[in-house]
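**Q** This is the structure I have questions about; it appears just below.
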Amino acid sequence: MTNVTPLESTPFEQRLQVDLRVRNPNDFDLQVTGLDFRLELNGKRLARGLGNKEFTVPRLSDTVVPVETSTSTLDVMRQVLGLRKTQELAYRISGVLYLKDGRLPFDNTGVLVENDVLPSLLSP
């Protein structure tokens, strides 16, 4: 994941664009026909995304793919209200890449903000 951008929203639904970096360590191109993923923040579901845009990830390379997702306002509020000043912001993104010749599951985790950085971000 390289970026998350807020899009239009309604009182009940938030739309986000999630930019995913897809890496191909193989010695052959990956012909991707679609993807399905789930994005979690600190162990709680934030959004789910589906995409049917076809793209190719060249051999020994990577590609950034933008995917629009949706989440409920309730899920966003749970995330905001659950933040503590001493907590890091950890993410997990998991799902499936649909390939021309099958499926490729993926699961990646990381930290967006370290423990000692969050207090300065939340202070006025």
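**Q** For F12, only one of the following conditions fails: (1) surrounded by fewer than 11 Cβ atoms within 10 Å (Cβ to Cβ); (2) in contact with a Gly (Cβ under 7 Å, 6 or more places away or on another chain). What is its number?
**A** Among (1) surrounded by fewer than 11 Cβ atoms within 10 Å (Cβ to Cβ); (2) in contact with a Gly (Cβ under 7 Å, 6 or more places away or on another chain), the lone unmet condition for F12 is (2).
**Q** Take L46 and tell me if it is touching a helix residue (DSSP H, G or I) at 6+ places or on another chain (Cβ under 8 Å) and closer than 14 Å to N108 by Cβ.
**A** When the stated conditions are applied, L46 does not pass them.
**Q** Taking the range 15-44, which residues are in contact with a Leu (Cβ under 8 Å, 6 or more places away or on another chain) and farther than 22 Å from Y98 by Cα?
**A** Matches in the range 15-44: R15, L41, N42.
**Q** Here is a further query. Among what's in the range 1-47 and is of a type in the set (F, W, Y) and not in a strand (DSSP E or B), pick the residue that is farthest from P58 (Cα to Cα).
**A** My answer is F12.
**Q** Scan the range 53-81 residue by residue and report those that are farther than 18 Å from L16 by Cβ and surrounded by fewer than 17 Cβ atoms within 10 Å (Cβ to Cβ).
**A** Across the range 53-81, the qualifying residues are E54, F55, T56, P58, R59, L60, S61, D62, T63, L81.
**Q** Taking the range 11-39, which residues are in contact (Cβ under 8 Å) with a residue 40 or more places away in the chain, in contact with a Pro (Cβ under 9 Å, 6 or more places away or on another chain) and of a type in the set (D, E, K, R)?
**A** R15, D19
**Q** So P6 fits all but one of (1) surrounded by fewer than 15 Cβ atoms within 10 Å (Cβ to Cβ); (2) closer than 19 Å to T109 by Cα; what number is the exception?
**A** (2) is the only condition that P6 fails.
FYI, it's all coordinate maths here, none of it is from the lab. If you're wondering where the values come from, they're calculated on a predicted model, not measured in any experiment. Positions of Cβ are generated from backbone atoms using ideal geometry, with glycine treated the same way; all protein chains shown enter the neighbour counts.
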